[in-house]
1. Is it the case that region D:111-124 has a residue that's aromatic (Phe, Trp, Tyr), modelled with pLDDT of 95 or more and surrounded by fewer than 24 Cβ atoms within 10 Å (Cβ to Cβ)?
2. Going through region C:29-63 one residue at a time, which ones are among the aliphatic types (A, V, I, L, M) and away from chain D (no Cβ under 14 Å)?
3. Test residue C:9 against the criterion of being surrounded by fewer than 22 Cβ atoms within 10 Å (Cβ to Cβ), among the aliphatic types (A, V, I, L, M) and within 12 Å of chain D (Cβ to nearest Cβ), and give yes or no.
4. Taking residue D:107 as the residue in question, decide whether it is open to solvent by less than 20 Å² (accessible area, probe 1.4 Å) and more than 14 Å from chain A (Cβ to nearest Cβ).
5. Just one of (1) open to solvent by 60 Å² or more (accessible area, probe 1.4 Å); (2) closer than 30 Å to residue D:104 by Cα trips up residue B:64, so point out which.
6. If the requirement is being open to solvent by less than 20 Å² (accessible area, probe 1.4 Å), closer than 15 Å to residue A:22 by Cβ and either of a type in the set (S, T, N, Q) or facing another protein chain (nearest Cβ under 7 Å) (or both), which of these qualifies: A:77, A:54, A:72?
7. Please specify each residue of region A:1-51 satisfying the condition of being surrounded by fewer than 18 Cβ atoms within 10 Å (Cβ to Cβ) and in contact with a Ser or Thr (Cβ under 7 Å, 6 or more places away or on another chain).
8. Condition first: open to solvent by 30 Å² or more (accessible area, probe 1.4 Å) and farther than 21 Å from residue A:11 by Cα. Now tell me which residues in region D:53-77 satisfy that.
Amino acid sequence: MKIKVLCFGITRDILGGFEKEIELPEGASVAFLKQRLTDEYPQFQKLNSLRIAVNEEYGNEELVITEQDEIVLIPPVSGG
Amino acid sequence: MKIKVLCFGITRDILGGFEKEIELPEGASVAFLKQRLTDEYPQFQKLNSLRIAVNEEYGNEELVITEQDEIVLIPPVSGG
Amino acid sequence: MVENIEIILSNEPLSLSVCQSFVEDPAAGGIVHFVGAVRNHTKGKTVIRLDFEAYEPMAISEMQKIAEQAIQKFGVMKIAIHHRVGTLEIGELPVIIAVSSAHRKAAFEACQYCIDTLKETVPIWKKEIFEDGEVWVSATP
Amino acid sequence: MVENIEIILSNEPLSLSVCQSFVEDPAAGGIVHFVGAVRNHTKGKTVIRLDFEAYEPMAISEMQKIAEQAIQKFGVMKIAIHHRVGTLEIGELPVIIAVSSAHRKAAFEACQYCIDTLKETVPIWKKEIFEDGEVWVSATP
């Protein structure tokens, strides 16, 4: 399946754009997506943290992703 | 000696005025003044506390009072 | 010398933005304000208004001391303590304490220290006026 | 139902008095504000300005959650959390958190909880712009 990820902060610089399509196997989890990103873009290893938001909630590692989900990369936040 | 005490808050109601003259023996301490006040005005016993300021500082019990001092009765404060 | 403390005792309404402006600093990352407000009830009775009075010179010097202690204890940058005297209606502000600091934890601690200590040591008194009488707050049990 | 939480994410300058007005309540005895400020230095380098961006719908829902948690945990009355996005100059205010409460200790605790948690969980990012470059704050060690 092809999922679309939205990239904020430093992840936009790493992936080179706000919106990115990524090919994933059916049934891929949040953990799988994180591994895939880190394999393809080694700069992700340098981040203090990387969370994945699925439909506006932080998704835990086991959560299964579908094509309909809104997937957002959340690098270390720095609001306030 | 005759000293003048200034009365704020509830102490003004108890002594019946802002400024009051009180006759004290030479060398009287803050503690002596407090005892004198409590003897003359039993309502002082009902207060949660009574501090005496001498020249704009809280005076400890042993401090000796003179006629030149500015003596102020400080009932429980309630600012803020 | 840069002035880092502002103590005001005033008959006029207090201003949060004036306090904010005083403590702002290009090196401050966080500012904490405590704002007191006149409550409409106390122990189940309706309060109509409050009358504040102060032993003014000593109230100012005690507030100055508190601010100096807070700067020393918590390493904060600037402190404004503004207190009202006179008659206050419900919702008016008896006190504003503003503290700026490089780091926010110290600002919270210093601000709380200032209001806690102010309520113990500064010679200011408030009288609550009810429909059927009045009482000096905290004077008696 | 009385609204007791106000969450705002805005491109326009934040207002302390707007936050104060929202949280004021005749039954509130104390209000605590935390005000963030843009510092002119970070790790010895001069900051020229900051750019804030947010994943807006989730930033708003996370701030709402924090305010709800704080009201439940600390029993406070009303909370306003206002956060800026866009470009901020030195001295501008990225965030204001206002908390009103019957008693001041709870207001201090709730306000500190809100800012501490906001800095951990709310998807907002700031980029510091220096003379010679820029950096996403806290992204890398």
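The values are calculated or read from the model by the stated rules, or taken from the named source; none is laboratory data. It should be emphasised that the depicted structure is a prediction, and the values quoted were computed from it without experimental measurement. Cβ coordinates were reconstructed from backbone atoms using ideal geometry, including for glycine residues, and neighbour counts include every protein chain displayed. For the accessible areas, the whole protein counts, side chains as well, though only heavy atoms, and no ligand, DNA or RNA atoms are used. Shrake-Rupley method; radii C 1.70, N 1.55, O 1.52, S 1.80 Å.
1. Narrowing region D:111-124 to residues aromatic (Phe, Trp, Tyr): D:113.
Filter once more, so that each one left must be modelled with pLDDT of 95 or more: D:113.
Right, trim to surrounded by fewer than 24 Cβ atoms within 10 Å (Cβ to Cβ) and you get D:113.
Yes.
2. Of the residues in region C:29-63, the ones among the aliphatic types (A, V, I, L, M) are C:31-32, C:35, C:37-38, C:47-48, C:50, C:54, C:58-60, C:63.
Once the filter is applied, which keeps residues that are among the aliphatic types (A, V, I, L, M) and away from chain D (no Cβ under 14 Å), region C:29-63 yields C:54, C:58, C:59, C:60, C:63.
3. On the way: surrounded by fewer than 22 Cβ atoms within 10 Å (Cβ to Cβ): yes; among the aliphatic types (A, V, I, L, M): yes; within 12 Å of chain D (Cβ to nearest Cβ): no.
No: the conditions fail for residue C:9.
4. Details: open to solvent by less than 20 Å² (accessible area, probe 1.4 Å): yes; more than 14 Å from chain A (Cβ to nearest Cβ): yes.
Yes, satisfied.
5. It fails just one condition, (2).
6. Values: A:77 fails: closer than 15 Å to residue A:22 by Cβ; A:54 fails: either of a type in the set (S, T, N, Q) or facing another protein chain (nearest Cβ under 7 Å) (or both).
Going through A:77, A:54, A:72 in turn, the sole match is A:72.
7. Passing the criteria: A:45, A:46, A:48.
8. Residues of region D:53-77 that are open to solvent by 30 Å² or more (accessible area, probe 1.4 Å), as a first pass: D:53, D:56-57, D:60-61, D:64-65, D:68-69, D:71-75, D:77.
Those that are open to solvent by 30 Å² or more (accessible area, probe 1.4 Å) and farther than 21 Å from residue A:11 by Cα: D:61, D:64, D:65, D:68, D:69, D:71, D:72, D:73, D:74, D:75, D:77.
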